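The values are calculated or read from the model by the stated rules, or taken from the named source; none is laboratory data. The shown structure was predicted, so the numbers you read here are calculated from the model rather than taken from an experiment. Virtual Cβ from ideal backbone geometry, glycine too; neighbours counted across all protein chains shown. In case anyone asks, the SASA skips ligands and DNA or RNA and just uses the protein heavy atoms, side chains included. Shrake-Rupley method; radii C 1.70, N 1.55, O 1.52, S 1.80 Å.
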Amino acid sequence: ITGPVLCVTEKADTNVMRSARNLPRLEIVVARDVSVFQLIRYPVIVADRAAMGVLEKRLMKTKGAAS
């Protein structure tokens, strides 16, 4: 991966956050806090399986509120 990357995790992990500080153009965010701006801004998004579950629940909640 050569461009900027957004890494989405289920929970805040201090070891992951510390490791990410050393990598340029990498942002770590917890799934419950990720914004639409972040999802649009980054061409590459890496998420763990648990984070995808959290994001899916957030999207379903939003979809239900809109209808």
Legend entry - Computed over the chain: relative contact order in percent, which uses C-alpha pairs under 8 Å that are six or more apart: 42 percent
Inset, instruction - Would you mind telling me the share, in percent, of accessible area of the chain contributed by carbon and sulfur at probe 1.4 angstrom? - result: 58 percent
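Roll a 1.4 Å probe over the protein chains and send me the accessible area per residue for the chain in Å².
Per-residue value: 78 Å².
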Inset, instruction - Return the loop-located trypsin sites (Lys or Arg not before Pro) in the chain (DSSP other than H, G, I, E, B) with at most 15 other Cβ atoms within 10 Å of their own Cβ; answer none if there are none. - result: 11, 21, 25
Inset, instruction - Whole number please: convex hull volume per residue, Cα atoms of the chain, in Å³. - result: 86 Å³
Legend entry - Cα long-axis angle, helix 49-66 against the chain (0 to 90 degrees, to the nearest 10): 40 degrees
